[in-house]
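Taking it in order: structure first as structure tokens, then the write-up.
The values are calculated or read from the model by the stated rules, or taken from the named source; none is laboratory data. In this text the structure is predicted, and so the values were computed from the model without any measurement. Cβ atoms come from the backbone with ideal geometry, glycine included; neighbour counts cover every protein chain shown.
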Amino acid sequence: MKTVFEYTRGMLPVTTGYCPGCTHGIAHRILMEVLIERGTLGETIGVAPIGCSILSHNYLNVDMCESAHGRGPAVAAGIRRALPDKTIFTYQGDGDLASIGAGEIVHAAHRGEKFTTIFVNNAIYGMTGGQMAPTTLIGQKSTTGVDGRKKEVSGMPLRMAELLATIDGAVYVERVALDTPAHVRGAKAAMHRAFEIQEKRLGFSFVEVLSTCPTNWGLPPTAALKWLADNMIPYFPLGILRTPGEVK
Amino acid sequence: MAKKGIVKFDIDKCKGCELCVVVCPKHILKIHEHDVNIMGYHPISVSDEEQCIGCANCAVMCPDGVISVYTE
């Protein structure tokens, strides 16, 4: 009998507290699979955000450090200076990274910090109960925008990957999605490239992962995958936005 | 002849989200109608394992590490 797939030992043997169908579980798993395949699991320090993944230190089998809301990149920059040989990542949601932490992520990219950021974008605030995030789509309903987001009131959704791709210190920027098995495998390949760039100390690497929030979108998990493909991917196009070759 | 796959479930971790059900190319996964697991969810089950090709699409999409896939 040949093994095709077994749950990675990078995940601790516990049941996560995430809602049924939440793609955080997929993002956690492929991140840990990448670290095991690169042989750096024991040498890695993660930085957890504020958001649903605040308790990810209970699930990820690596050393973790909690950060204040949005300040993950600042904490990771400090760890990089204290422990220059380690592999370091921050795992942040859109409420954490694109909203209150927008300053930290821009300046971490600007300084070309040698760590990797995994940005889980589900277009809504999950943990606090479905409020409008900077990435909420036009017309999308949230508890603080019950008639849907309006451009004249709240502006257009923020595209963080495109924003960071304009900064010279960010040498690798890619956007991936978790709506199909093919896209999940692509997301894993993107994380491999991001960690390779960190290991070569070329600069800041950033992977935006389009994700679902069935509970706060008010959809069954399978319909949420379709909603992601139909609504989010057209506004947040997938692909590599910047590679080291483009940076002078 | 196609490879014969074997799927194994850790049903007490299953939250019944059905992400695996919609990505199975052979449509052989379904949520169990009567059984409940330790968390109170109807867990995943396989209706016709003979048809499994071992592609592991279900396991790749499972957010909770319920599914392991093997081939003979």
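Remarks
- Some residue of segment A:230-247 being among the aliphatic types (A, V, I, L, M), at pLDDT below 95, more than 16 Å from A:Gly21 (Cβ to Cβ) and in contact with a Pro (Cβ under 7 Å, 6 or more places away or on another chain): no
- In the set (1) crowded, with 19+ Cβ neighbours inside 10 Å; (2) within 14 Å of chain B (Cβ to nearest Cβ); (3) under 19 Å from A:Tyr125 (Cα atoms), the condition left unmet by A:Gly17 is number (1).
- Qualifying residues in segment A:20-49 (those that are under 19 Å from A:Thr180 (Cα atoms) and free of Cβ contacts under 8 Å to residues at least 24 places away in the same chain) - the one surrounded by the most Cβ atoms within 10 Å (Cβ to Cβ): A:Gly25
- In segment B:19-72, of all residues being within 11 Å of chain A (Cβ to nearest Cβ) and of a type in the set (Asp, Glu), the one that is farthest from A:Met32 (Cα to Cα) corresponds to B:Glu72.
- Close pairs (8 angstrom Cβ cut-off, 6 or more residues apart or separate chains): on the phi > 0 side of the Ramachandran plot in segment B:49-65, basic (Lys, Arg) and not in a loop (DSSP other than H, G, I, E, B) anywhere: B:Gly65/A:Arg29; B:Gly65/B:Lys13
- The sole residue among A:Val34, A:Val75 that is more than 30 Å from B:Cys20 (Cα to Cα), part of a helix (DSSP H, G or I) and of a type outside the set (S, T, N, Q) is A:Val75.
- Filtered residue count, segment A:216-226, keeping only those that are crowded, with 19+ Cβ neighbours inside 10 Å and hydrophobic (A, V, I, L, M, F, W, C): 3
- Condition check for A:Val153: over 25 Å from A:Pro20 (Cβ atoms) and either among the charged types (D, E, K, R) or surrounded by fewer than 15 Cβ atoms within 10 Å (Cβ to Cβ) (or both): yes
- Checking A:Tyr172 against (1) touching a helix residue (DSSP H, G or I) at 6+ places or on another chain (Cβ under 7 Å); (2) part of a helix (DSSP H, G or I), the condition it does not meet: (2)
- Hey, A:Val4 closer than 13 Å to B:Ser68 by Cβ, at pLDDT below 95 and either at the interface with chain B (Cβ under 7 Å from one of its Cβ atoms) or not in a helix (DSSP H, G or I) (or both) or not: yes
- The listed residues are A:Thr143, A:Thr166, and the only one of them that is exposed (fewer than 15 other Cβ atoms within 10 Å of the Cβ) and under 13 Å from A:Phe206 (Cα atoms) turns out to be A:Thr166.
- Only a single criterion out of (1) in contact with a helix residue (DSSP H, G or I) (Cβ under 7 Å, 6 or more places away or on another chain); (2) surrounded by 17 or more Cβ atoms within 10 Å (Cβ to Cβ) is not satisfied by A:Ile138, namely (2).
- If you go through segment A:193-215 and keep only what is outside any strand (DSSP E or B), among the β-branched types (Val, Ile, Thr) and buried (at least 24 other Cβ atoms within 10 Å of the Cβ), you end up with just A:Thr212.
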